[in-house]
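> Sharing a structure, written as structure tokens. Questions coming.
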Amino acid sequence: MYFYKNQFLPKNDIHISPDDRGYYFGDGIYEVFRVYQGTLYEQEAHMQRLQRSASEVRIELPYTIDKIGEILTELIHKNALVEGTVYVQITRGEAPRAHPFPAHAEPVLLAYCTTVPRPVAAMQQGIQAITLADIRWLRCDLKTLNLLPNTMAKQAALDHGVQEVVLHRDGIVTECSASNIMMIKDNVLYTHPANHLILHGITRAVVLRLAQSLEMNVKEQAFTTEQLLLADEVFITGTTVEITPILQIDGKRIANGSPGPLTQTLQREFERTFA
Ligand code: PLP
């Protein structure tokens, strides 16, 4: 069961207008929630980010945040979802194709669940990555539908026979195709500051809180691709990847090439936040 334009209905009964600006311009925003044990993880943080993305691109949310929460919870119940994800997107609405914001279009909310499982094998065994220039715009903090550079980056990784891509601007590491990246060097945890160049990941925030509660030294400070290759541990964070170690980048092993002890500690602590 999906939710589209004020009602719950089967996917096949949804008819999307070619005039939807999400379709023409990627003119919309979205969120992806993890569902653990039938409940939305970090619901409030995701809702705040949704609200912020909407207000920054000047889309008026079609419902209050509380109402959106109710819709998503009902969606979970209707689908009897225990573990998976909930996707929600809001486009600016339907209007004949023209760049200016339409005067009267009503924003359209689409939401559905998936049963995508936790990536247990990748979290345990780690993944490999390549580095690639970050060619995105300068508001990567907004979770908009304009994901073509992200999909191209992910495909470049797959074409190279690895799972992920580490994006950088002139050698400064920003994030990955759909996750944030952190490295540990000499017991200090580094990650790019939460400015306009990265998405302010909810998982990133949870991991930073956990690291602080473990009395790890945390620096929201950018690092270069060279520094990354010399790190003791590297991992990515995200709603779907949770905390996944990166063991090899551009064909070079990170440290001894196995998941590091601090990464594993953070993974254990992260599980405790929803188990
Ligand atoms: N960075 C990008 C580009 C993303 O698309 C995502 C998630 O989809 C993240 C980071 C991680 O954010 P979160 O932890 O909120 O899922």
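Read-outs throughout are calculated quantities, based only on the coordinates presented, and are distinct from any laboratory measurement. Everything numeric here is computed off the predicted structure, so don't read it as measured data. Backbone-built Cβ (ideal geometry, glycine too); neighbour counts: all protein chains shown.
> Given Cα pairs under 8 Å that are at least 6 residues apart, what percent is the relative contact order of the chain?
Contact order relative to length: 18 percent.
> Can you compute the helix-only [θ] at 222 nm over the chain? Use -39500 (n - 2.57) per DSSP H run of at least 4 residues, normalise by all residues, nearest 500 deg cm²/dmol.
Taking each H run of at least 4 residues, the total per residue is -8500 deg cm²/dmol.
> Here's something else I'd like to know. Go through Val116, Gln128, Asn150 and say which Cα lies farthest out towards the positive end of the charge dipole of segment 115-184; charges sit on Cβ, +1 for Lys and Arg, -1 for Asp and Glu.
It is Val116, whose Cα lies furthest towards the positive end.
> Still on this structure, please answer the following. Can you tally the lysine pairs in the chain where the Cα-Cα distance is under 30 Å and the two residues are eight or more apart, or on different chains?
Counting lysine pairs in the chain gives 19.
> Of Thr191, Thr85, how do they rank once you tally other Cβ atoms within 10 Å and put the fewest first?
Listing Thr191, Thr85 from fewest to most nearby Cβ atoms yields Thr85, Thr191.
> Taking H as built 1.01 Å from N, whose amide H comes closer than 5 Å to the amide H of Ser177, not counting residues under 5 places away?
Close amide H contacts, sequence-distant or interchain: Val165.
> What three numbers, in Å, describe the spread of the alpha carbons of the chain along their principal axes, ordered from the longest?
Extents along the principal axes, in whole Å: 56, 40, 32.
> So, how do all the Cα-to-Cα distances of segment 120-272 break down into 10 Å bins, in percent, from 0 on up?
All Cα pairs, binned at 10 Å, distribute as 11, 47, 36, 6 percent.
> Considering amide H positions built from the backbone, and no H for Pro or chain starts, which residues 5 or more places from Tyr36, or on another chain, come under 5 Å of its amide H?
Tyr41
> On to the next question. List the trypsin sites (Lys or Arg not before Pro) within segment 67-113 that DSSP assigns to loop and that have no more than 12 neighbouring Cβ atoms inside 10 Å.
Sites meeting the loop and neighbour criteria: Arg97.
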